[in-house]
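The values are calculated or read from the model by the stated rules, or taken from the named source; none is laboratory data. Just so it is clear, the model here is predicted, and its values are computed rather than measured. Here the Cβ positions follow ideal geometry from the backbone for every residue, glycine too, while neighbour counts run over all protein chains shown. These area figures cover heavy atoms from the full protein model, side chains too; ligands, DNA and RNA do not enter into them. Shrake-Rupley method; radii C 1.70, N 1.55, O 1.52, S 1.80 Å.
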Amino acid sequence: RCVYICADDTHGTAIMIRARQEGRNEESLIADMREAHLRVFSRFEIEFDNYGSTHSPENRELCAQFWSALQTAGLVTQRDVSQLFDVQAGAFLADRFVKGTCPRCQSPDQYGDSCDKCGSTYSPTDLIDPKSTLSGSTPELRTASHLFIQLDQLRGYLNDWVTSSDALQPEIVNYLQGHFLGEPLRDWDVSRPAPYFGFEIPDSPGHFWYVWFDAPIGYMAATLEWCRRHGHKFDDWWQRQGSSTAPPVEIYHFIGKDITYFHTLFWPGMLHVAGYRLPKKIHIHGFLTVAGEKMSKTKGTFVRASTYLDHLDPAYLRYYYASKLTHRVDDLDLNLDEFVQKVNSDLVGKVVNLASRTARFVQDLGLSPSYPDDGGLFAAAAAQGDAIAAAYEACDYNRAMRQIMALADHANQYVDAREPWKLAKYPSHRSELQAVCTVALNLFRQIVVYLAPVLPRLARQTAALLHEHIRHWEDAAHPLVGRPVAKFEALLNRVDPQQVSHMIEASKVPDPETSAARAAPPNVPSASPLPAPPASSASPPDDGPEPLLHEPLAPQCSIEDFQKVDLRVARILAAEELPKAKKLLKLTLSLGGDQHRTVFAGIKSKYQPQELVGRLVICVANLAPRQMSFGLSEGMVTAAGAGGDEIYLLAPDEGAKPGQRVH
């Protein structure tokens, strides 16, 4: 049983400012936007068991519970913070409400947290000639008291959880270890002074919980709403750690990579302190680009959901996303030419074509009373059910779609070989025609069962055609026989490239704005942009740490900086498994002579210890030793790849000697 929970992220300065501009209160604004979001979700066939709001009584209740636990644990502290203040707007300015000249590369018109030109991150107070995006005025620096959570007190627990659980993708583990967990974690600012739209902190009048404190708790609050409405026990779903009485539940999160820091460090820390079980999996998606670039209003590629729906079938986008999404943190590019080709070739040309070429021939005959001999096609496809389900379970939708389309290819080969349109010309071949169409329609239905998570409307249409609902995954293992076939009606039309062109033209505006991520201040509800792949209900933060970029180039360094890294050829003398380590192998390296180093390398998923002994590798020889739970690591071996089983040790050509420096 799966329960799908989400919520609108409704708090923050941006919402407060927009409500002021529209002359109404914040509650009215977020209520209207909630209805707009639900309409869009519904039209895209996205159905939630409960879609809540972070501005709910349940969320206020749970926030107070978490706050009490954090205070009891001694993690809350208070100190003054200097922040830019817009006098005209009467509000403190989050990073993205400030623009100015980058202090590093002097590029103009950059936001207060990072530079789009050089990639530098900085404080908004570092900007040259800062301006408020709310009023255009020059902000002034003001000091106010803020409350902080001392997250570094949880670093040991978080490091163990990140490295020992299977909750995170390998590249996320590497990112967290490389950027945050190797050094003290900075205190997390979890309050904002008035004026601010949010929940006032009960024991700190005039202070409000920052949006990123209450946003993830909103997952739980939306679940609590659902439980109260349907008579369930909340603790059965969001179980307490160590609970032995509650039924087993697995919690999954789907988020965007720009909010990785919040959901993989702050949130697990909060759950741990409050005594709740952590998610089994936090699956993180990359960004959506269009035609290889950030969404652009001037180019018409900043496509709003409503604009898309005015021109194109939502099934097209659902399938395209599924065909591109993998289990990795990869960006997804909506290439419009590929979009047209893939939908027309796969969905119309391979899947729907099976029904359109056969159903009309048996409208009067119905399906055969027993399943005909098909040379093992149906049984072979049924045997693929577990593999396709496993691909879905692993969030590797691209693999699932490829497996399903391979089945469609086999089914179409069967129809091409039997040519039912020729059999239909001869009354004497009536029985054979019925048998061929029975096989083809069952293969079609089998494929639709496998596609049902992606194309629910096609599943309903198929049920109407063959007079049998698709209810279970196992339906793909049982053919239908001896039942009527309804009059065939078009299930899915081909994409007309003109429709795509009209959608792009309708999306163009005479505006120099080019960045989808910066098109409106974060947390401002607006007409929904083209839905990205499944992610968190929460919007990007209005301040916070640097976002996770997909394998970005690091800032430039000088040759002097690079020369500090001492890369040496090393030979692996010994390799062994560590009983309690899921990812690490213990390597003993020789750098020539009697220079030996012990290194712990996260390559266990790819390499067996016995196959490593004797290999030459590249070692970072002057890396400061690091004490780990398994012992002291005295260096690092270099590798390429995304992690997991996609790891490739770097090695010199034959003839290199241990201890030689790599130039």
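Being among the hydroxyl-bearing types (Ser, Thr, Tyr) and open to solvent by 20 Å² or more (accessible area, probe 1.4 Å): is that true of Tyr450 here?
Criteria not met by Tyr450.
Taking region 58-106 as the region of interest, how many residues are more than 18 Å from Lys131 (Cβ to Cβ) and among the charged types (D, E, K, R)?
Final tally of qualifying residues: 6.
With a cut-off of at least 1 residues that are of a type in the set (A, V, I, L, M), out of contact with any strand residue (DSSP E or B) (no Cβ under 6 Å at 6 or more places or on another chain) and open to solvent by 30 Å² or more (accessible area, probe 1.4 Å), name the helices (runs of 4 or more DSSP H) lying wholly within region 297-378.
Once the helices (runs of 4 or more DSSP H) in region 297-378 are filtered for at least 1 residues that are of a type in the set (A, V, I, L, M), out of contact with any strand residue (DSSP E or B) (no Cβ under 6 Å at 6 or more places or on another chain) and open to solvent by 30 Å² or more (accessible area, probe 1.4 Å), what remains is 336-342.
Out of the residues in region 215-268 that are among the β-branched types (Val, Ile, Thr) and at pLDDT 90 or above, state the one that is nearest to Val76 (Cα to Cα).
Ile217
Could you please find all residues in region 463-504 being within 22 Å of Asn344 (Cα to Cα), part of a helix (DSSP H, G or I) and open to solvent by 80 Å² or more (accessible area, probe 1.4 Å)?
Once the filter is applied, which keeps residues that are within 22 Å of Asn344 (Cα to Cα), part of a helix (DSSP H, G or I) and open to solvent by 80 Å² or more (accessible area, probe 1.4 Å), region 463-504 yields Gln498, His502.
Which condition from (1) part of a helix (DSSP H, G or I); (2) touching a Ser or Thr at 6+ places or on another chain (Cβ under 9 Å); (3) open to solvent by 30 Å² or more (accessible area, probe 1.4 Å) is the one that Phe254 breaks?
It fails just one condition, (1).
Inside region 105-122, can you point out the residues that are of a type in the set (A, V, I, L, M, F, W, C) and either within 17 Å of Pro139 (Cβ to Cβ) or surrounded by 14 or more Cβ atoms within 10 Å (Cβ to Cβ) (or both)?
Cys115, Cys118 - these are the residues of region 105-122 that are of a type in the set (A, V, I, L, M, F, W, C) and either within 17 Å of Pro139 (Cβ to Cβ) or surrounded by 14 or more Cβ atoms within 10 Å (Cβ to Cβ) (or both).
Does Val3 satisfy the criteria of being surrounded by fewer than 17 Cβ atoms within 10 Å (Cβ to Cβ) and of a type in the set (Val, Ile, Thr)?
In short, yes.
Please enumerate the residues belonging to region 124-171 that are crowded, with 20+ Cβ neighbours inside 10 Å, among the polar types (S, T, N, Q) and outside any loop (DSSP other than H, G, I, E, B).
Ser132
When you scan region 228-245, how many residues do you find that are surrounded by 13 or more Cβ atoms within 10 Å (Cβ to Cβ) and part of a loop (DSSP other than H, G, I, E, B)?
4
Within the bounds of region 407-415, is there any residue that is part of a helix (DSSP H, G or I), over 27 Å from Asn335 (Cα atoms), of a type in the set (A, V, I, L, M) and more than 36 Å from the chain's Cα centre (by Cα)?
Yes, region 407-415 contains at least one residue that is part of a helix (DSSP H, G or I), over 27 Å from Asn335 (Cα atoms), of a type in the set (A, V, I, L, M) and more than 36 Å from the chain's Cα centre (by Cα).
Quick one: Asp594 ticks every box in (1) exposed (fewer than 14 other Cβ atoms within 10 Å of the Cβ); (2) under 36 Å from the mean Cα position of the chain (by Cα) bar one, so which box is it?
(2)
Do we find a residue being touching a helix residue (DSSP H, G or I) at 6+ places or on another chain (Cβ under 9 Å), modelled with pLDDT of 95 or more and hydrophobic (A, V, I, L, M, F, W, C) anywhere in region 7-23?
Checking region 7-23: at least one residue is touching a helix residue (DSSP H, G or I) at 6+ places or on another chain (Cβ under 9 Å), modelled with pLDDT of 95 or more and hydrophobic (A, V, I, L, M, F, W, C).
Give me the pairs: first residue in region 559-580 and open to solvent by 60 Å² or more (accessible area, probe 1.4 Å), second residue charged (D, E, K, R) and part of a strand (DSSP E or B), beta-carbon distance under 8 Å, and six or more apart or on different chains, which are they?
These pairs meet every condition: Arg568/Arg661; Glu576/Lys586; Glu577/Lys586.
Name the single residue, out of those in region 79-95 being of a type in the set (D, E, K, R) and either surrounded by fewer than 18 Cβ atoms within 10 Å (Cβ to Cβ) or modelled with pLDDT of 95 or more (or both), that is farthest from Gly136 (Cα to Cα).
Going through the qualifying residues, I end up with Arg79.
Among Val76, Val98, which is the only one that is open to solvent by less than 30 Å² (accessible area, probe 1.4 Å) and touching a Phe, Trp or Tyr at 6+ places or on another chain (Cβ under 8 Å)?
Unique residue meeting the criteria: Val98.
Part of a helix (DSSP H, G or I), out of contact with any Asp or Glu (no Cβ under 7 Å at 6 or more places or on another chain) and open to solvent by 10 Å² or more (accessible area, probe 1.4 Å) - does that describe any residue in region 206-221?
Within region 206-221, one or more residues are part of a helix (DSSP H, G or I), out of contact with any Asp or Glu (no Cβ under 7 Å at 6 or more places or on another chain) and open to solvent by 10 Å² or more (accessible area, probe 1.4 Å).
Does Leu29 qualify as being within 30 Å of Asp152 (Cβ to Cβ) and surrounded by 14 or more Cβ atoms within 10 Å (Cβ to Cβ)?
For Leu29, the condition - within 30 Å of Asp152 (Cβ to Cβ) and surrounded by 14 or more Cβ atoms within 10 Å (Cβ to Cβ) - is not met.
Just to verify a result, which residue in region 421-434, among those that are assigned to a helix (DSSP H, G or I) and touching a helix residue (DSSP H, G or I) at 6+ places or on another chain (Cβ under 9 Å), is farthest from Leu365 (Cα to Cα)?
Only one residue fits best here, namely Lys422.
With the condition kept exactly as written, say whether any residue in region 121-132 is within 17 Å of Gly12 (Cβ to Cβ) and either out of contact with any Pro (no Cβ under 8 Å at 6 or more places or on another chain) or among the aliphatic types (A, V, I, L, M) (or both).
No, there is no match, as no residue in region 121-132 is within 17 Å of Gly12 (Cβ to Cβ) and either out of contact with any Pro (no Cβ under 8 Å at 6 or more places or on another chain) or among the aliphatic types (A, V, I, L, M) (or both).
Tell me whether region 281-294 contains one or more residues that are free of Cβ contacts under 8 Å to residues at least 60 places away in the same chain, open to solvent by 20 Å² or more (accessible area, probe 1.4 Å) and among the hydroxyl-bearing types (Ser, Thr, Tyr).
yes
So Gly182 clears everything in (1) surrounded by fewer than 21 Cβ atoms within 10 Å (Cβ to Cβ); (2) under 26 Å from Ile17 (Cα atoms) except one condition, right? Which one?
(2)
Name the one entry in Ser135, Ser107, Ser123 that is hydroxyl-bearing (Ser, Thr, Tyr) and at pLDDT 90 or above.
The conditions single out Ser107.
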